[in-house]
1. Tell me whether chain A comes out rounded, prolate or oblate; compute the Cα gyration tensor, take square roots of the eigenvalues as a ≥ b ≥ c, and use a/c under 1.5 as the rounded threshold.
2. Report, largest value first, the span of the C-alpha coordinates of segment B:142-286 along each principal axis, in whole Å.
3. Give the Rg (one decimal place) followed by the Dmax (whole number) of segment C:47-151, computed from C-alpha coordinates and expressed in Å.
4. Just rank B:43, A:46, fewest to most, by other beta-carbon atoms within 10 angstrom.
5. How many partner chain Cβ atoms sit within 10 Å of a residue's Cβ in peptide B:227-237, on average, as a whole number?
6. Figure the gain on full extension for residue B:34 and residue B:54 (residue separation times 0.36 nm, minus the Cα-Cα span) and round it to one decimal in nm.
7. For A:52-60, what's the mean count of beta carbons from other chains sitting within 10 Å of each residue's beta carbon?
8. What's the percent breakdown of Cα-Cα distances in segment A:49-109 across 5 Å bins, shortest bin first?
């Protein structure tokens, strides 16, 4: 899993108007804490995902500020109220400025 | 003289600690496992000539949270490696302009059940072949690509992907192929031979002490049906030969090279010891 | 065989060396003041009350690298009854901060699950700050064991 961070999200395909659904997200990332040292005793610099956010049709739903104590391959489970059909956009921000995103649409029936 | 006394005191203390912990025994849990609707065989009658009556998956020896992480194929971080493997499957590599998919098409069809039947006999090399080596063989002979370096992230991902297509399928090694029986014999011999400064054989922990605790680890039967495995310990995927070497390192013995005759013989034998258990790749363990 | 006094002392030193070896050499862990300061910063100095927030964590973590934790705050997440944020702290890690969850009216419920790292047996603390400024706390001790094998 040393390749580029891969996000995966689990969102139900449909919901009824106003229903509160559960969303799960995972992204492959080493979350280098900055606490480890290499073979020569030099500290390995911190490099983590420091922010995760979920937005629905432009409205913020849930976000998390991550610190190095979050495990590698950060996993989140949270809920979202679904007022209407639309798209969830998920964003992960790396210490190095890289931004990873994923999207899932949902249909209200 | 004093060094010996210091060592003796240390050994005495360790011995006492070891005795205190060694007495603890935990039954594996009584639980069932279903992944994506596929029922997993996690306990089954052992084959003839097996030291145990029942073969048990390592899943049964883990804490509730660890077990739960494997049950959900979304939550299982090992699935990230499987997905990576799926990407590699479709990627052209080597001088012949082929990908795995070029010949094997949809892995869910072509690789279904395949991983559960390894190791097999490689008549060309005149030795057992496992999934990793089979992938290398295909790459070199059919793709004009290079064999993977041992434990290359792509090797682990692709092996996990291929094995995962056998999720649920009971493991079985066909010992009638080629000289596999002789390698099984050699593997069995190795399994019971004590080595290293700690003078442990595989059997010391995984047979004689199965169910006991070594410090805080609940000792399982040391089965291989879940490899490559996602381990919390390294927060990453661990291949089978990596684990063999790690175990041997922990007995303070010289580690055989991955895919060496020793470790291939061990793989044949240890796979047999889990006959009937479902392939769980990617398993989640501590 | 008679043990000389020197031999006895050396034996005792050897036995005493074992517990000493189990200390983490050279590393430092969060000071209690850091934890208190973070809690005060988050709560605006308000004293946290018990209730409303439930922190779920295993009693024994099979491996300190990956410990699943959940928080759930009893709130309608509607109108005035809203949770602003939940902060997770670990009082025995090198640094106490773990994560801060931010909730909104679109969250539906103030509940979240993640996986965290625990360096050793310690308390995990969850603080919920409500929209009206009140702060609630839950705390759980998680035992982190040292495995026997596989490093």
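1. The shape class here is prolate.
2. 44, 37, 30
3. Using the Cα atoms of segment C:47-151, the pair Rg, Dmax is 14.7, 52 Å.
4. Fewest-to-most Cβ neighbours within 10 Å comes out as A:46, B:43.
5. Taking all residues of B:227-237 together, the mean is 5.
6. 5.2 nm
7. Average per residue, whole number: 2.
8. 4, 16, 28, 22, 15, 9, 4, 1, 0
Where a number appears in this text, it was derived from the coordinates with a stated rule and is not lab data. Every value quoted in this text rests on a predicted model; they were computed, and no experiment measured them. So basically every Cβ, Gly included, is an ideal-geometry build from the backbone, and we count neighbours across all protein chains shown.
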